[in-house]
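Accompanying notes for the structure given below.
Where a number appears in this text, it was derived from the coordinates with a stated rule and is not lab data. Bear in mind the structure is a predicted one, so any value in this text is a computation, not a measurement. Positions of Cβ are backbone-derived with ideal geometry, glycine not excepted, and every protein chain shown enters the neighbour counts.
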Ligand SMILES: Cc1cc2nc3c(=O)[nH]c(=O)nc-3n(C[C@H](O)[C@H](O)[C@H](O)COP(=O)(O)O)c2cc1C
């Protein structure tokens with residue numbers, strides 16, 4: 001039997017496959033399914049600040065209307081179920097998940113103002129999250145905010161959250177950060193224990209009938225793994241103390257092997273389990289085990305990082321050479 005345990009954010013995981021945020025990690029039955037299939041940890045769906053505040057505001061408005069017009073109301077207003085609103089829904093899911101599962105449960109936050117990120121991260125950490133993941137998904141359209149200012153804002157969020165929580169902190173990033181190597185160093189200095197590379201952006205769609213801009217959910221494909229692989233390989237060599245998680249395009253056990261080889265501590269999967277069900281994690285682990293055995297590896301740890309950019313003296317020159325080779329190659 002090969003040893004597939006790994007360490008991520010300082011936590012010992014029984015396997016390196018993590019079920020990343022999706023509707024499947026938002027239900028106890030599928031969370032159990034993911035655990036039974038062998039997931040090393042799960043990340044619950046993000047708490048979006050606007051969503052929880054909108055729910056609370058709508059409920060308060062309904063209650064206020066009730067107070068103002070109660071004497072005229074012909075029928076009683078419906079009781080407001082406060083437990084289903086605002087952050088309580090996330091806190092309840094977290095507490096149920098902690099009761100139901102033996103593997104680590106990570107909570108994810110996406111806030112607006114830095115102080116609010118910290119407030120919600122603290123709520124989730126206090127409610128028992130084994131670690132917190134910051135989902136830094138944002139499309140930055142303010143012409144007065146430079147790239148450097150955007151990165152400074154992200155770093156402020158990281159340090160404010162760090163000051164509020166004691167559990168490990170991971171940061172899920174977009175690949176659209178110009179100086180990612182520098183950002184990774186500063187994120188570590190600001191208190192991040194790990195990076196999750198990369199969040200997936202959905203882009204825009206145009207509905208030609210309605211003449212409207214829309215968004216459409218499209219699941220990933222394994223081709224997209226190339227981008228996390230490149231950057232994990234580079235950052236593994238540069239930031240040995242930082243945990244690295246691969247996300248986007250991990251669909252099979254062999255995809256996980258690639259992520260681990262370049263230096264990921266864990267490989268996260270969402271689209272594959274949404275497409276094929278929670279049991280897909282078991283199949284990925286079986287493929288990983290077979291590959292390790294066939295290639296004479298005793299453990300995942302032995303594999304991890306053996307193909308990182310550690311053995312490349314100048315990663316930027318190496319990438320440039322690769323780029324020229326690719327675009328001048330014959331199709
Ligand atoms: C339906 C759906 C819901 C998602 N919800 C979240 C979320 O709440 N927070 C988050 O950080 N990522 C969310 N994601 C992104 C995934 O966690 C994952 O990072 C992304 O899908 C790329 O991984 P994949 O290629 O394995 O799908 C969601 C993805 C899908 C498809």
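Residues checked against (1) more than 22 Å from residue 107 (Cα to Cα); (2) away from the ligand (no atom under 11 Å from the Cβ); (3) under 15 Å from the mean Cα position of the chain (by Cα):
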{"position": "183", "(1), (2), (3)": "yes, yes, no"}
{"position": "205", "(1), (2), (3)": "yes, yes, no"}
{"position": "215", "(1), (2), (3)": "yes, yes, no"}
{"position": "222", "(1), (2), (3)": "yes, no, no"}
{"position": "242", "(1), (2), (3)": "no, yes, no"}
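Of 123, 134, all but one fail to be within 16 Å of the ligand (Cβ to nearest atom), touching a strand residue (DSSP E or B) at 6+ places or on another chain (Cβ under 9 Å) and in contact (Cβ under 8 Å) with a residue 24 or more places away in the chain; the exception is 134.
With farther than 16 Å from residue 256 by Cα and either in a loop (DSSP other than H, G, I, E, B) or without any contact (Cβ under 8 Å) to a residue 24 or more places away in the chain (or both) as the only criterion, which of 12, 35 stands out?
None of the others qualify; the one that does is 12.
Considering the conditions (1) within 23 Å of residue 34 (Cα to Cα); (2) surrounded by fewer than 22 Cβ atoms within 10 Å (Cβ to Cβ); (3) touching a residue at least 24 places away in the same chain (Cβ under 8 Å), residue 307 is excluded by exactly one of them, (1).
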